[in-house]
Structures are given as C-alpha cells and as structure tokens.
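Some notes on the structure that comes next.
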C-alpha cells in the first residue's frame, strides 16, 4: 500500500512539473513613449488632436500573439482598443516588439485630449497581460499658419514645407513604411502606398504635427 501511495504521489508531482513547464509566459513592458499631436485633415481642412502611444514589449514565448492593446483614461471614462490595422508593429528579434499607434483620437474630433493618467493594457492570445500607465500633459495651444504639402511623383514624393518624416499607409490602412524628409524627391524604396501622412515634431512646444492624407 505504501509503495502504491508513493507511486501515485510521484505521478502527481510529475504532472505538476510538466504543467508548470508548459505554462504560458506573461508579456512584459520595458519602455513607453507618448506624445500629443495636432492633426490637420488635408481633405476637410479641419484640425483635431491625436495621441501617440507606443510600448516596447517582450514575451519569452514569442511576440507573434501580442496583437491587442488598450489605452484607458478612467477619470474621463475613455478607452481605446488598438488592434488589427490600427496597431503598428515593429519586431526586434523573436521576443521583443515596439507596438502602438499614432492615431488615437477622441470620439468627437472637436474635443481635445484630456491631460491626466492613461493606463495601458497589453494582451496576448492566451489571455496573459502586461500593464503600465503614463501621465500625459496636453499643452497644444497654437495652430500653424501653414501646413506642409506632399506631392506624389514617379519613384517617390516631394514635400513642400517643414516636415520630419513621411508615413506611407497601405490600402487597408495598415502602416507600410516611414521615410525621412529630405530636399528634392524622397524615394519610397519602390513601394507604392494608398496614402501618405507628414509628421514633424516641435521641440520648443513639446508636441507633434500630423497632416494628411495625401
């Protein structure tokens, strides 16, 4: 009887160790980046605000299943789910990814993004999660007198006005590439995009400018 009980205990211990070794690893957030932007709609001529939030996330099981994040402002009862084509992903090796969005906007475009604490919740496909928070200060007070303009050309684009980067978006809205603005024709590496946005940062004011789509 004693040997029977010991054998059962040994089997149970092996099962516990086996299940423990197969458990899912929770994702981790090592860095966060945020920025408030003033956005100009090239088609309508209207201005609104857009929040940029990115996290550097890692997962020992790999990052291919990290495809959803939430941004939450409890004080103002606001939340955004960022997934699918709205989620920009840049992988760094097998287990690390820079993920987020440049286009987190208010439900009503005329509303300004509230300052305060924003929670960031990252989920993987197994339900494991990582969370962090940032304190955001919205200090946008001025609107530029003139916005930069982009012209599509054969083999690239030309930018008239001040801008730092060009963002290329595919037909489904998925982020396709980023190119630094330079004088003359800016090559897009042979890639064709459905639309473009221009981005610039104002270090003396502490916020960014986004204009498009072109």
Only unsatisfied item for residue 208, checking (1) within 16 Å of residue 51 (Cα to Cα); (2) at pLDDT below 90, is (2)
If you go through 145, 94, the only one that is more than 15 Å from the chain's Cα centre (by Cα), in a loop (DSSP other than H, G, I, E, B) and without any contact (Cβ under 8 Å) to a residue 12 or more places away in the chain is 145
In region 172-184, anything farther than 15 Å from residue 86 by Cβ and outside any strand (DSSP E or B) is listed as 181, 182, 183, 184
- On the given criteria, is residue 139 in a helix (DSSP H, G or I) and surrounded by fewer than 19 Cβ atoms within 10 Å (Cβ to Cβ)? no
Qualifying residue in region 174-182 (condition: outside the structural domain of residue 43 (by TED's automatic domain parsing), buried (at least 16 other Cβ atoms within 10 Å of the Cβ) and modelled with pLDDT of 90 or more)
yes
Checked region 98-114 for anything over 19 Å from residue 35 (Cβ atoms) and touching a residue at least 40 places away in the same chain (Cβ under 8 Å); matches are 110
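The values are calculated or read from the model by the stated rules, or taken from the named source; none is laboratory data. Computed from a predicted structure; not experimentally measured. Every residue, glycine as well, gets a Cβ built from its backbone with ideal geometry; the counts of neighbours run over all protein chains shown.
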